[in-house]
Amino acid sequence: MTKRLIARLDVKGSRLIKGVSFEGLRVLGSAQDFAARYYEQNIDEIFFVDAVASLYGRNSLVEILSQVAGKVFVPIVAGGGIRTVEDARRLLESGADKVAVNTAAIERPRLISEIAGRFGSQCVVLSVQAKRVSIGWECYTEGGREHTGVDAASWIKRGVELGAGESLVTSVYRDGTHRGLDTELIGAVAAAVPVPLIVGGGVGTGEDVVNGYESGTDAVAVGSAFHYRRLSIGEVRRTCRSRGISLREITEPD
Amino acid sequence: MFEVTIIDYGVGNLTSVRNAFQSLGVRAKTVGNTRDVQDPDLLVLPGVGAFSHCMEEIARRGFTDFLIDYSLSGKPILGICVGMQVLFEGSSEFGATAGLGVIPGRISRLEASVNQTDRVKVPHVGWAPLVASRSWEQTVLEGLDSRAFYYFVHSYALRSTSPETLANVSHGPALFGGVVGSGMTVGCQFHPERSGPAGLDFLRTIVTNVSRGER
């Protein structure tokens, strides 16, 4: 099965932002420009997260989605602050193919089945921000600030039963650090996730992405390493090819 | 100018399908009832989510018989994802649901499996190439780059072989129908509007071959 490479764009208003462990957020530029550039460089999928939506109680991705609609022809996931079926509908109608839920789903798990029931499981990505705790991996919300007491692997299992079609697991500690994906976290959740698993947080090199795939994830999400141009999409593809991992082949139409 | 009409029956991401056609320089509009289908060069039936929900919404908006007659009259239709699946006789999703039945065959659930090197998951989400099941010459796929990868997201598929299958796709040890074509009725299980330049090239190929067929 071909692995996927995803660009993760954390957004505030119309701007791309990035921090380390979800803190110290810096503005990097126009989110739509970054998205268009990643599309041109053959990214497989784009994952937008409104980083402040949960805080403000509304998601402002609608405008960005409309702006990229005529330029980006790969799947787009939109997340951040989605609390109702109506929130999901607005984003899907604006051009998102899937929505990612986190905080509101932990508070009210039925949100997952409500969105899946209306738009299908293929639309719902369960996003989990995980931190290592003494007994395993715990889910956090609000950009890794609020702990929930919920175990990551069991929560994803439950989320899939409720209708989630994919899961994105991000290591809070590794986020933005370029220290590599947390392969222990991948090991802890991969076996528990019967649906496609996306892992993010910490990619700095092409080898990091390879390690993620070899640890059992189906897709890797890369944020700051792409944003700061420490790593290019082409370089990840080359590294994967040299290590025998198959990604989508890019062919030039005749 | 080539005109595409996209059926809006409340299911699926019509915006991205319309944008994809428009990026090819094709005129594309969406319609919510049969009266507004005014002899387009290509009628597009999108679809995501549950087969039964799609069929219910097609019926509720009065499109069921219209689509059957449209296909039987030999006018060009492209079904995308669940829009392709509903062209078949039925699906086993949530029990059994009847489809439009304009192409013989039934839709059934993909199977998850584990082997030594890979875990084959359902839903099938990701990029895959087509495997031609017969020559594409003189079909709607004539001239298509046979190496290209397309984006799939689905749990159900045409898992039986059909004489209408133009290309299959591997899912672990199994194959399913990737592109089917019966006369001018065509379906693709992947999302060309979400498959990057290769997907746009697929749509361009369909548009080119449909225009040629009509000349």
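From the list A:Gly200, A:Gly216, which residue is among the small types (Gly, Ala, Ser) and either under 15 Å from A:Val20 (Cβ atoms) or in contact with a Phe, Trp or Tyr (Cβ under 9 Å, 6 or more places away or on another chain) (or both)? Explain how you work it out, then say what you get.
Details: A:Gly216 fails: either under 15 Å from A:Val20 (Cβ atoms) or in contact with a Phe, Trp or Tyr (Cβ under 9 Å, 6 or more places away or on another chain) (or both).
Just a single option satisfies the conditions, and that option is A:Gly200.
Which one is surrounded by the fewest Cβ atoms within 10 Å (Cβ to Cβ), of the residues in the range B:181-196 that are of a type in the set (A, V, I, L, M, F, W, C) and either within 14 Å of another protein chain (Cβ to nearest Cβ) or over 26 Å from A:Glu45 (Cβ atoms) (or both)?
Quick first cut of the range B:181-196, residues of a type in the set (A, V, I, L, M, F, W, C) only: B:184, B:186, B:188, B:190.
Narrowing the set further to residues that are either within 14 Å of another protein chain (Cβ to nearest Cβ) or over 26 Å from A:Glu45 (Cβ atoms) (or both) leaves B:184, B:190.
On the way: B:Met184: 20, B:Phe190: 25.
Result: B:Met184.
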**Asked** Quick one: which of A:Gly143, A:Gly165, A:Gly136 is touching a strand residue (DSSP E or B) at 6+ places or on another chain (Cβ under 7 Å) and either among the charged types (D, E, K, R) or over 25 Å from B:Pro123 (Cα atoms) (or both)?
**Response** A:Gly136
**Prompt:** Can you find even one residue in the range B:2-25 that is away from chain A (no Cβ under 14 Å), closer than 30 Å to B:Gly95 by Cβ and out of contact with any helix residue (DSSP H, G or I) (no Cβ under 6 Å at 6 or more places or on another chain)?
**Reply:** yes
**Complete:** Every listed condition ((1) touching a Ser or Thr at 6+ places or on another chain (Cβ under 8 Å); (2) modelled with pLDDT of 95 or more; (3) farther than 17 Å from B:Thr185 by Cβ) holds for B:Val44 save (3)
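Within 14 Å of another protein chain (Cβ to nearest Cβ) and farther than 19 Å from B:Val125 by Cα: which single residue out of A:Gly216, A:Gly206, A:Gly244 fits that description?
Numbers: A:Gly216 fails: farther than 19 Å from B:Val125 by Cα; A:Gly206 fails: within 14 Å of another protein chain (Cβ to nearest Cβ).
Answer to the check: A:Gly244.
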**Request:** State whether the residues of the range A:212-226 include one that is at pLDDT 95 or above, β-branched (Val, Ile, Thr) and part of a helix (DSSP H, G or I).
**Result:** no
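For the range B:18-64, which residues satisfy the criterion of being among the polar types (S, T, N, Q) and under 30 Å from A:Lys71 (Cβ atoms)? Give the steps one after another, and end with the answer.
As a first pass, look at the range B:18-64 and keep what is among the polar types (S, T, N, Q): B:19, B:22-23, B:30, B:33-34, B:38, B:52, B:64.
Of everything in the range B:18-64, those that are among the polar types (S, T, N, Q) and under 30 Å from A:Lys71 (Cβ atoms) turn out to be B:Asn19, B:Gln22, B:Ser23, B:Thr30, B:Gln38.
For the range A:1-14, what are the residues that are more than 14 Å from chain B (Cβ to nearest Cβ) and either over 28 Å from B:Tyr151 (Cβ atoms) or surrounded by 17 or more Cβ atoms within 10 Å (Cβ to Cβ) (or both)?
Once the filter is applied, which keeps residues that are more than 14 Å from chain B (Cβ to nearest Cβ) and either over 28 Å from B:Tyr151 (Cβ atoms) or surrounded by 17 or more Cβ atoms within 10 Å (Cβ to Cβ) (or both), the range A:1-14 yields A:Arg8, A:Leu9, A:Asp10, A:Val11, A:Lys12, A:Gly13.
Any residue in the range A:54-65 that is closer than 21 Å to B:Pro192 by Cα and either of a type outside the set (Lys, Arg) or crowded, with 21+ Cβ neighbours inside 10 Å (or both)?
First, pick out the residues of the range A:54-65 that are closer than 21 Å to B:Pro192 by Cα: A:65.
Then drop every residue that is not either of a type outside the set (Lys, Arg) or crowded, with 21+ Cβ neighbours inside 10 Å (or both), which leaves A:65.
There is at least one residue in the range A:54-65 that is closer than 21 Å to B:Pro192 by Cα and either of a type outside the set (Lys, Arg) or crowded, with 21+ Cβ neighbours inside 10 Å (or both).
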**Fill in**
The one condition B:Gly177 fails out of (1) among the small types (Gly, Ala, Ser); (2) at pLDDT 95 or above; (3) surrounded by fewer than 24 Cβ atoms within 10 Å (Cβ to Cβ) is (3)
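Please enumerate the residues belonging to the range B:17-39 that are over 26 Å from A:Val74 (Cα atoms) and surrounded by 19 or more Cβ atoms within 10 Å (Cβ to Cβ). Outline the logic, then answer.
Of all residues in the range B:17-39, those over 26 Å from A:Val74 (Cα atoms) come to B:33-39.
Of everything in the range B:17-39, nothing turns out to be over 26 Å from A:Val74 (Cα atoms) and surrounded by 19 or more Cβ atoms within 10 Å (Cβ to Cβ).
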**Message:** Any residue in the range A:107-132 that is within 13 Å of chain B (Cβ to nearest Cβ) sitting within a Cβ distance under 6 Å of a residue that is of a type in the set (Lys, Arg) and buried (at least 24 other Cβ atoms within 10 Å of the Cβ)? List the pairs, counting only those 6 or more apart or interchain.
**Reply:** A:Cys123/A:Lys98; A:Val125/A:Lys98
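So which of B:Ala132, B:Ala98 ends up being more than 11 Å from chain A (Cβ to nearest Cβ), in contact with a Gly (Cβ under 6 Å, 6 or more places away or on another chain) and not hydroxyl-bearing (Ser, Thr, Tyr)?
Working: B:Ala132 fails: in contact with a Gly (Cβ under 6 Å, 6 or more places away or on another chain).
Sole residue among the options that is more than 11 Å from chain A (Cβ to nearest Cβ), in contact with a Gly (Cβ under 6 Å, 6 or more places away or on another chain) and not hydroxyl-bearing (Ser, Thr, Tyr): B:Ala98.
I want to confirm something. Restricting to the range B:186-215 and keeping residues that are among the hydroxyl-bearing types (Ser, Thr, Tyr) and modelled with pLDDT of 95 or more, which single residue is farthest from B:Ile107 (Cα to Cα)? Walk me through it before giving the result.
Initial filter on the range B:186-215 (among the hydroxyl-bearing types (Ser, Thr, Tyr)): B:195, B:205, B:208, B:211.
So of that shortlist, the ones also modelled with pLDDT of 95 or more come out as B:195, B:205, B:208.
Numbers: B:Ser195: 23, B:Thr205: 26, B:Thr208: 29 Å.
So the residue we want is B:Thr208.
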**Asked** Inside the range B:197-210, can you point out the residues that are closer than 17 Å to A:Ile76 by Cβ and either free of Cβ contacts under 8 Å to residues at least 40 places away in the same chain or more than 9 Å from chain A (Cβ to nearest Cβ) (or both)?
**Response** B:Pro197
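Kindly establish whether B:Ala157 is in contact (Cβ under 8 Å) with a residue 12 or more places away in the chain, touching a strand residue (DSSP E or B) at 6+ places or on another chain (Cβ under 9 Å) and more than 22 Å from B:Glu89 (Cα to Cα). Before you say what the answer is, go through the steps one by one.
On the way: in contact (Cβ under 8 Å) with a residue 12 or more places away in the chain: yes; touching a strand residue (DSSP E or B) at 6+ places or on another chain (Cβ under 9 Å): yes; more than 22 Å from B:Glu89 (Cα to Cα): no.
Judged against the criteria, B:Ala157 is not a match.
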**Fill in**
Picking from B:Gly95, B:Gly99, the residue that is in contact with an Asp or Glu (Cβ under 8 Å, 6 or more places away or on another chain) and over 14 Å from A:Met1 (Cβ atoms) would be B:Gly99
**Those residues of the range A:229-239 which are more than 13 Å from chain B (Cβ to nearest Cβ) and either part of a helix (DSSP H, G or I) or touching a residue at least 12 places away in the same chain (Cβ under 8 Å) (or both), in sequence order** = A:Arg230, A:Leu231, A:Ser232, A:Gly234, A:Glu235, A:Val236, A:Arg238, A:Thr239
**Fill in**
B:Gly177 meets each of (1) within 11 Å of chain A (Cβ to nearest Cβ); (2) under 13 Å from the mean Cα position of the chain (by Cα) with one exception, condition (1)
**Item:** Test: B:Glu111 is under 15 Å from the mean Cα position of the chain (by Cα) and within 27 Å of A:Ala116 (Cα to Cα)
**Value:** no
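The values are calculated or read from the model by the stated rules, or taken from the named source; none is laboratory data. Predicted model, so just to flag it, every value in this text is computed and none were measured. Cβ atoms come from the backbone with ideal geometry, glycine included; neighbour counts cover every protein chain shown.
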